[in-house]
């Protein structure tokens, strides 16, 4: 055997821990992931550059997101060896749901500040109040305009027929009230839905 190979074998034999390749097989991670972990100081390394497997396993577990560990090993939640009832898919779903919820919450806050979003109870109360005011206006309308309408109709009939006509304002008011109340009852069936 050439001397450089013998020196290399002797060097590996003298190592205190594992090589990157050995630790890759031990941990189930790719060699690239091991190299990234080493650069990020997630591995415990001896003076000779070899990896302390037990200490590195503990440090990686403390410093790595459980979801990231599952994805890098390619294991599913059932056979991963990680404790806890959830597998990686439910963890991802929960994390996605949280992110979506936070985004929606921020969007609602922005809409509220812009004034494009209003409180539902307040809007319903406002619609009810406006409808009540409108109804009250229409209920009192016949008493305010009945005499004026009676005089206008009498004048129009007198102009056309040439005969003086008298229309009783009280009768005009009762006719108007009947028709206005019928219209308001028809409108009372309308329901406003804000949802």
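A short reminder: the numbers here are calculations on the coordinates, not readings from a lab. Source: prediction; values computed, not measured. Heads up, the Cβs are rebuilt from the backbone with ideal geometry, glycines too, and the neighbour counts pull from every protein chain shown.
Taking label points 7 Å from Cα along the Cα-to-Cβ direction, residue 46 and residue 183 give a separation of 9.8 nm. The relative contact order of region 95-187, computed from alpha carbon pairs under 8 Å that lie at least 6 residues apart in sequence, is 24 percent. Between residue 175 and residue 108, the distance separating the two model label sites (each 7 Å from Cα on the Cα→Cβ line) works out to 5.6 nm. Computed extension gain for residue 138 through residue 26, at 0.36 nm per residue and net of the alpha carbon distance, reaches 31.8 nm. With distances taken between every two different alpha-carbon atoms, region 93-187 has a Kirkwood hydrodynamic radius of 18.2 Å.
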